[in-house]
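The values are calculated or read from the model by the stated rules, or taken from the named source; none is laboratory data. It should be emphasised that the depicted structure is a prediction, and the values quoted were computed from it without experimental measurement. Here the Cβ positions follow ideal geometry from the backbone for every residue, glycine too, while neighbour counts run over all protein chains shown.
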Amino acid sequence: MKVIICKDKKEVAKEAYKVVRDRVMNQGAKVLGLPTGTTPEGLYAEMVKGCKKGEIDFSDVHTFNLDEYIGLPVEHPQSYRNFMNTRLFDHINIKASNIDFLDGLTDDIDRECARYEAHMEELGGIKLQIVGIGRDGHIGFNEPGTSLSSRTHMITLAQSTITDNANLFFDGDESQVPRWALSMGVGTVLDAKEVLMIAFGKNKADAIQGMLEGPITYMNTSSALQLHPDVTVVIDEAAASKLKYRDYYKRIAPGNEEAMLKFLAAARKKAGRK
Ligand code: F6R
């Protein structure tokens, strides 16, 4: 995994935006997977700014969100669809018909999950999947104990997730947080061509350490990303604070390959190689 350690959450948003812009504009990533939560808010603000400046174009981009609460209508202020509308979709040039979202009010959960997976496949799969991470290591809403080969499914939220989401989005009122959600599975996330993980803050440091340096285990579902060939992790110093190989990740950060090529060219010259 490529790990980019930034000073703070503002820098995380800017670095993540650079990756998104490059993949959408230069590498044909026209099918995106998106997260909600506090983590991507800065990135979405950068995407909105970039779109207004004409740096990034969403007119032919399709999106799938990672998850949605069961039981919340779209217009509910805390529904994930509403979150995405207000933070991103309403402010960029994406076509409404190109936005797919899990329906938290479906009357047939299995059918809805199968429909979502089939639509992704029909569009050739997700090219860039952006994910945040929960305190317990979840990606999407794949809580500890979720199969690492799971597909889009119904999940029961862990207590730590209910508490965190109550504090962040429900004025601390845990009773308002739905106990269940629909979520892409870990296997669904692993099928994306590329994954961009973003995280900041001390409360994510254990989960990030487990993801990057721990064993692959369904007790920290993000650790499954160790099996993915193309993952970029953009985190701040606080989220990186428990990493054993922190200094090494900094050494292999962007710019490293250019430095190596310069070093190699100089060594070849010294050795008289053409
Ligand atoms: C949300 C999602 C979750 C969040 C995670 C972190 O769509 O898939 O995995 O990314 O719970 O949430 P925040 O960003 O609020 O700390």
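Counting just the residues of region 129-140 that are buried (at least 24 other Cβ atoms within 10 Å of the Cβ) and over 9 Å from the mean Cα position of the chain (by Cα), which one comes out farthest from Leu182 (Cα to Cα)?
Looking at residues that are buried (at least 24 other Cβ atoms within 10 Å of the Cβ) and over 9 Å from the mean Cα position of the chain (by Cα), I get Gly137.
How many of the residues in region 137-161 are at pLDDT below 95 and under 19 Å from Pro40 (Cα atoms)?
Residues in region 137-161 being at pLDDT below 95 and under 19 Å from Pro40 (Cα atoms): 1 in total.
Sort through Ala29, Ala13 and tell me the only one that's away from the ligand (no atom under 16 Å from the Cβ), within 18 Å of Val131 (Cβ to Cβ) and under 19 Å from the mean Cα position of the chain (by Cα).
Ala29
How many residues does region 167-206 hold that are under 27 Å from Lys2 (Cβ atoms), small (Gly, Ala, Ser), within 11 Å of the ligand (Cβ to nearest atom) and crowded, with 24+ Cβ neighbours inside 10 Å?
Residues in region 167-206 being under 27 Å from Lys2 (Cβ atoms), small (Gly, Ala, Ser), within 11 Å of the ligand (Cβ to nearest atom) and crowded, with 24+ Cβ neighbours inside 10 Å: 2 in total.
Condition first: touching a residue at least 24 places away in the same chain (Cβ under 8 Å), within 16 Å of the ligand (Cβ to nearest atom), in contact with a helix residue (DSSP H, G or I) (Cβ under 6 Å, 6 or more places away or on another chain) and not charged (D, E, K, R). Can you find one or more residues in region 75-86 that meet it?
yes
Among the candidates Pro254, Pro215, Pro229, single out the residue that is under 18 Å from Val186 (Cα atoms), part of a loop (DSSP other than H, G, I, E, B) and over 19 Å from the mean Cα position of the chain (by Cα).
Within the list Pro254, Pro215, Pro229, the selection yields Pro215.
Could you please find all residues in region 35-65 being surrounded by fewer than 22 Cβ atoms within 10 Å (Cβ to Cβ), hydrophobic (A, V, I, L, M, F, W, C) and touching a strand residue (DSSP E or B) at 6+ places or on another chain (Cβ under 7 Å)?
Once the filter is applied, which keeps residues that are surrounded by fewer than 22 Cβ atoms within 10 Å (Cβ to Cβ), hydrophobic (A, V, I, L, M, F, W, C) and touching a strand residue (DSSP E or B) at 6+ places or on another chain (Cβ under 7 Å), region 35-65 yields only Val61.
Being farther than 27 Å from Arg23 by Cβ, within 12 Å of the ligand (Cβ to nearest atom) and within 18 Å of the chain's Cα centre (by Cα) narrows it down to one residue among Asp67, Asp164; which is it?
Sole residue among the options that is farther than 27 Å from Arg23 by Cβ, within 12 Å of the ligand (Cβ to nearest atom) and within 18 Å of the chain's Cα centre (by Cα): Asp164.
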